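Single-structure report; data block below.
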């Protein structure tokens, strides 16, 4: 899966030692840029943690998988990122707008005001 958004918060780095050796996990909160923005907690593990990209305010594209696991009869779901890329913002400036228009503007006498129409209904 892929999602784009802005990093709004970096949670504390977690680390420890397990049966496979040392591990570290970095979680961050991503806010989407949709019409109705959503906040998503995403985790990234081990050597995939890129501190230069994981900064609040950065716009990123995250490729991730969703994984659920059961523990003591309860299910826990985690979004695990496997690739994070910084989304470069465009530095191009828009083209200047010409002061001359090719489309003629209508004559204002073509528009009737409600009091001039003789009809007192608003529609």
Exercise. Want the number for residue 78 to residue 11: 0.36 nm per residue separation, take away the alpha-carbon distance, what's left?
Worked result: 22.7 nm
Problem set entry | 82, 75 arranged by Cβ crowding within 10 Å, fewest neighbours leading | 75, 82
Problem set entry | Neighbour-count ranking [beta-carbon atoms within 10 angstrom, fewest first] of 86, 15 | 15, 86
For this session: With a 10 Å radius around each residue's Cβ, average the other Cβ atoms per peptide and rank 42-49, 29-36, highest first.
Result: 42-49, 29-36
Problem set entry | Approximate spin-label separation residue 48-residue 24, in nm, with each point projected 7 Å along Cα-to-Cβ | 1.6
Seminar exercise, completed: Here the relative contact order (percent) of the range 2-86, from C-alpha pairs under 8 Å and at least 6 apart, is 30
Exercise. With each pseudo-label sitting 7 Å past Cα toward Cβ, what's the residue 85-residue 69 distance in nm, one decimal?
Worked result: 2.9
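No lab work stands behind these numbers, since they all come straight from the coordinates. Since we're looking at a predicted model, the values are computed, not measured. In this analysis, Cβ positions are derived from the backbone assuming ideal geometry, glycine residues included, and neighbour counts consider all displayed protein chains.
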